[in-house]
Amino acid sequence: MLPVALENASKMLKYLTLSTKAYITVMQLHKKVDKGRLMEVIKEFTGRIYQKPPVRSSVKRALRTKTIYELEVLEINYPCVLLKITCEHGTYVRKLIHDIGEVLGVGAHMRELRRVRTGPFKEDKSLVTMHQLSEAVYIYKELNDESTLKKYIMPGEYMVSHLPKIVATDSAVASITYGADLAIPGVVALHEKIRKGDDVAIFTLKGEIVATGIAQKHTEEVLESKKGIAVKTKRVIMERKIYPRKTRI
Amino acid sequence: MSEGLNFLEKLDGFAGIDRRWIQIKEAETSPNYGKHPEERTINELMKLGVINLDKPPGPTSHEVTSWIKKMLGVGKAGHAGTLEPA
């Protein structure tokens, strides 16, 4: 699966790139190993692991740590092992499998790989095939019926659905689109458990994405304070001039 | 407030987020500007939308994204594998 962002929604891609990924993969073992030993090694590769990026990669080849949230054996059919991996962004699955093979002492390589999750996007009923999409485009362009295509294009807001959220007053929206930070008097509602330094998403009362930013206060501090900056604006998503600027006093 | 918040709760549900909402004050939104995301027209969606694509295994993410861009006639499209240049 691959979330594809259109126009302005591309500005939120970073939050998907940096999000949790899950893959289904086929690992081929180069020699048979005992099942108990395999499960033991798989378990060792859960949690924090060290990984050196492969030779052909786009990042510096320094040893780095990545977190493997889940490593599940779905099926064993020697020499192949079907795995589901849920991991931190930037984990090289091919390398992970190679390393598992090294620790097992028999060697292993990745035969197939399919991404099944990118942050909030999973393989569920929101998935659209290229075929479905091209058919919907045809129905829209040739038959003037936009209903199918509308079902396939989700509001861009879903791309930051995994972030903690804050709702701003109408009067705060315009200045944020010009790059201003969100001050506490402009906050209507927010998620619990926001921590200072968290990436957060700012929405209008109608549910439209305005911008992303960095929380400057914990949720409790926002509730207790009358003034000060709640969110430092980082990336403005909403176009300017949709909401009116405050009237000058 | 409620309609917008309903949509935000829908986003939470989609992402599997289980955080409580805390409302600080009463506020209303003017119907004269802005629009509920689920009421966007197709042209508006093409300016601020996302497709959860069931990517075919052969072509690269880049190729598939460029086909979609052409198919929909949008100026810009990107996929989650790319980091934008800072």
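Summary of computed values
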{"item": "Value of Rg/Rh across segment A:163-236 [Cα atoms, Kirkwood radius]", "result": "0.90"}
{"item": "Volume in Å³ per residue [convex hull over Cα atoms, computed for segment A:20-118]", "result": "91"}
{"item": "Cα-centred dipole magnitude for segment B:2-72, charges only on beta-carbon of K, R (+1) and D, E (-1), debye, nearest 20", "result": "300"}
{"item": "Charge dipole (chain B, unit charges on Cβ, about Cα centre) - positive-most of B:Trp67, B:Ala15, B:Thr29", "result": "B:Trp67"}
{"item": "Reciprocal of mean inverse Cα separation for chain A (Kirkwood radius, Å)", "result": "21.2"}
{"item": "Charged-residue dipole, Cβ positions (Lys, Arg, Asp, Glu), segment A:163-236 about Cα centre, Debye nearest 20", "result": "140"}
{"item": "Cα-centred dipole magnitude for chain A, charges only on beta-carbon of K, R (+1) and D, E (-1), debye, nearest 20", "result": "900"}
{"item": "Sequence-separation-based contact order of chain A, relative, with Cα cut under 8 Å and 6+ spacing, percent", "result": "18"}
{"item": "Helix-derived mean residue ellipticity, 222 nm - over chain A, DSSP H n ≥ 4, -39500 (n - 2.57), to 500", "result": "-7000 deg cm²/dmol"}
{"item": "Cα-based equivalent ellipsoid, segment A:118-170: semi-axes from gyration tensor eigenvalues, Å", "result": "28, 16, 6"}
{"item": "Above-threshold pairs, the threshold being 28 Å between Cα atoms, out of A:Lys234/B:Lys55; A:Lys14/A:Lys84; A:Lys66/B:Lys47", "result": "A:Lys234/B:Lys55; A:Lys66/B:Lys47"}
{"item": "Cβ-based charge dipole, segment A:108-231, positive-most Cα from A:Gly197, A:Leu133, A:Val173", "result": "A:Gly197"}
{"item": "Principal axis box of segment A:18-65, alpha-carbon based, largest edge first, Å", "result": "36, 23, 20"}
{"item": "B:Glu44 paired with A:Glu70, simple spin-label distance in nm, labels 7 Å along Cα-to-beta-carbon", "result": "3.6"}
{"item": "Value of relative contact order over segment A:87-149, rounded to a whole percent, pairs C-alpha under 8 Å and six or more apart", "result": "15"}
{"item": "Two-site label geometry, B:Lys35 and A:Ile214: point separation in nm, points 7 Å out along Cα→Cβ", "result": "3.5"}
{"item": "Cα convex hull of chain B, projected area averaged across orientations, nm²", "result": "8.7"}
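Here, each number is a calculation from the coordinates, and none is a lab measurement. Quantities reported herein were computed from a predicted structural model and do not represent experimental measurements. Note that we place each Cβ from the backbone using ideal geometry, even for glycine, and neighbour counts take in every protein chain shown.
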